[in-house]
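Since every read-out is calculated from the coordinates, none of them should be taken as a lab result. Nothing here was measured: the structure is a model prediction, and the numbers come from that model. Quick reminder, even Gly has a Cβ in these numbers, built from the backbone with ideal geometry, and neighbours come from all protein chains shown.
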Amino acid sequence: MLYQLYEAQRALMAPFSEFASATAKLYDHPLSPFAQMPGAQRLSAGFDLLHRLAKEYEKPPFNISSVRVGSVDVAVQERVALAKPFCRLLRFKRFTDNEAALTQMKAQPKVLVVAPLSGHHSTLLRDTIKSLLQDHKVYITDWTDARMVPLTDGPFHLDDYVEYVQEFIRLLGPDVHVISVCQPTVPVLAAVSLMASRGETTPLTMTMMGGPIDARKSPTAVNNLAMNKSYSWFENNVIFRVPGNFPGAGRAVYPGFLQHTGFVAMNPDRHLTSHYDYFQDLIKGDDGSAESHRQFYDEYNAVLDMPAEYYLDTIKTVFQDFALVNGTWHVNGELVKPQDISSTALLTIEGELDDISGAGQTHAAHGLCSGIDPQRSFRYDAQGAGHYGIFSGRRWRDLVYPEVRRFIARFDSAQAQQPQPVAKGRARLASVKTARGR
């Protein structure tokens with residue numbers, strides 16, 4: 001019933017949102033006589049803010065049309081490499097007529113970015129993709145809003161997520177490098193572990209960024225909620241059926257609007273301040289700051305529904321049973337054994353100020369992956385970076401991405417399957433962590 005009430009409220013607010021948008025333009029357009037009235041700019045700013053608070057936010061586009069490779073600007077086109085009911089594997093195909101740049105691109109490493117299925121769309125990793133495209137062939141998991149998936153496509157469990165990742169890795173081949181951001185660090189580690197246990201070829205590298213490998217370490221507010229509430233509480237209080245006006249009508253989901261409410265409730269003062277600053281920027285005519293606000297909230301406010309079975313599986317497996325670190329996690333009957341991974345190099349990345357995945361949660365992967373030679377196992381702490389800062393923004397571009405790029409390049413060869421003497425490189429990584437992380 002809550003979902004239906006939300007949809008009714010959204011439908012009721014839609015015309016008010018459009019009215020507010022039109023009124024804001026009426027008091028702001030240079031050719032409008034109303035724009036010459038005293039206080040017109042303040043009225044326009046107020047109605048513009050009202051419009052943004054009441055409007056519906058759809059999934060934004062990646063909007064990556066070009067990228068610079070070396071000294072050449074190359075065109076970028078999105079292509080669907082594989083379509084599954086709950087996910088599309090997207091490739092960002094690069095094009096150029098420059099022979100030198102084309103030769104360079106063909107030799108660059110292949111990267112699979114596994115985006116989170118945890119409320120926001122994969123476009124949240126736009127900045128991650130833009131950086132990676134300068135030096136890599138890039139694929140990303142583009143998860144589908146569960147309310148758009150018909151019931152006839154069946155349920156989607158955490159085990160299915162693991163199988164999707166394995167299928168994508170097999171499709172891209174043994175020379176792929178896998179990057180997981182936040183939530184998918186756990187299923188990605190499970191996917192590669194199972195492949196290793198079966199004797200399959202595993203990816204050349206795994207880069208894990210800000211994920212809850214061991215949520216017991218430095219638990220955050222997000223972790224505490226998942227750990228302190230019972231499984232039945234989540235089942236009875238946050239799971240609802242999709243209304244009849246969507247293709248996935250009747251599907252049980254954790255609705256995006258509830259997730260968004262939780263996101264905002266974590267830092268309400270910060271959001272109130274941000275909206276007030278936006279109002280002031282509009283009055284002052286600071287178009288640059290106002291546009292930055294719009295871009296951030298266009299992404300932040302665009303959320304998706306998660307399949308209920310997947311969400312509840314994640315709560316129980318990752319945050320209540322700690323099945324991965326306790327060695328009790330079975331995926332479709334197979335025990336997940338990270339210690340079986342041996343030929344894949346590992347890099348874990350944490351942000352100093354991360355309030356989503358606490359300190360030590362991602363680095364815990366090293367203790368689990370005991371089969372990986374220590375010379376192929378690295379960790380990096382991004383000083384001054386919060387959760388989003390490790391994959392987006394200035395700290396990602398200036399601090400984190402250079403480490404990721406070097407790590408991938410170092411093991412992107414057939415020889416990477418065998419341990420190499422890299423003590424010198426490890427020392428350099430340590431010095432970079434202290435010098436560049438400041």
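What shape does segment 145-275 take by its C-alpha gyration tensor, where a ≥ b ≥ c are the square roots of the eigenvalues and a/c under 1.5 counts as rounded, a/b above b/c as prolate, and the rest as oblate? It comes out oblate by the Cα gyration axes.
Taking a straight Cα-Cα cut-off under 18 Å and skipping sequence neighbours fewer than 8 places away in the same chain, the lysines within cross-link reach of Lys284 are Lys25.
Along its three principal directions, the equivalent ellipsoid of segment 39-112 from the Cα gyration tensor extends over semi-axes of 39, 21, 8 Å, largest first. Taking Ala35, Ala81, Ala323 in turn, the Gaussian network model of the chain (Cα-Cα springs below 10 Å) assigns the largest fluctuation to Ala35. Bridging of Lys59 to aspartates and glutamates at a Cα separation below 20 Å is possible for Glu7, Glu18, Glu78, Asp127, Asp142, Asp145, Glu291, Asp298, Glu299, Asp305, once same-chain residues fewer than 8 apart are set aside. How would segment 278-402 be classified by its alpha-carbon gyration tensor: rounded, prolate or oblate, with rounded meaning a/c under 1.5 and the a/b versus b/c comparison settling the rest? Judged from the Cα gyration tensor, segment 278-402 comes out oblate (a/c at least 1.5, b/c at or above a/b).
When the alpha-carbon atoms of segment 130-172 are used, the pair Rg, Dmax equals 13.8, 41 angstrom.
For helix 185-197, what angle does its Cα long axis make with the longest principal axis of the chain, in degrees from 0 to 90 and rounded to 10? Result, in degrees: 30.
Please grab the % of Cα pairs in segment 3-64 that end up more than 14 Å from each other.
On the way: 1172 of 1891 pairs.
Here the long-distance tail beyond 14 Å is 62 percent of all Cα pairs in segment 3-64.
Shown for segment 76-232: lysine pairs separated by 8 or more places, or found on different chains, whose C-alpha atoms are under 15 Å apart, numbering 7. Label sites at Asp175 and Leu53, each approximated as a point 7 angstrom past Cα along Cα to Cβ, lie 5.5 nm apart.
Rounded to two decimals, what is the ratio between the C-alpha radius of gyration of segment 47-195 and 2.2 N^0.38 Å?
1.16
Counting only alpha carbon atoms, the long axis of helix 287-300 and the longest principal axis of the chain meet at about 60°.
Full extension of the segment from Leu82 to Phe296, taken as 0.36 nm per residue of separation minus the current Cα-Cα distance, would add 74.1 nm. Other residues whose C-beta falls under 9 angstrom from the C-beta of Asp175 contribute a net charge of 0, scoring Lys and Arg +1 and Asp and Glu -1. Nearest 10 degrees is fine. How inclined is helix 268-284 to the longest principal axis of the chain, computing both from alpha carbons? With both axes taken from Cα atoms, the answer is about 50 degrees.
Every helix of 4 or more DSSP H residues in the chain counts as -39500 (n - 2.57), and over all residues that averages to -12500 deg cm²/dmol at 222 nm. Answer rounded, prolate or oblate for segment 346-417, using the Cα gyration tensor with square roots of eigenvalues a ≥ b ≥ c: rounded when a/c is under 1.5, else prolate when a/b is larger than b/c, else oblate. It comes out oblate by the Cα gyration axes.
When GluC sites (Glu not before Pro) are flagged only if DSSP places them in a loop and at most 12 other Cβ atoms lie within 10 Å, the longest unflagged stretch of the chain comes out as 59-438.
Give, in nm to one decimal, the length gained when the segment between Ser232 and Tyr6 is fully stretched (0.36 nm per residue of separation minus the Cα-Cα distance). Each step should come with its number before you reach the end.
Values: separation 226, 0.36 × 226 = 81.36 nm, distance 2.31 nm.
In short, 79.0 nm is gained.
Largest mean-square fluctuation among Gln183, Gln36, Gln280, in a Gaussian network model of the chain whose springs join Cα atoms under 10 Å apart, belongs to Gln36.
Under Stokes-Einstein, with the Kirkwood radius over Cα pairs standing in for Rh, what whole-number D in µm²/s applies to the chain at 20 °C and 1.002 mPa s? Kindly include the intermediate steps, with their values, before the conclusion.
On the way: Rh = 23.3 Å.
It diffuses with D of about 92 µm²/s by this estimate.
Express in % the proportion of alpha carbon pairs of segment 111-150 at distances exceeding 11 Å. Working shown, then result.
Details: 505 of 780 pairs.
Tail fraction, whole percent: 65.
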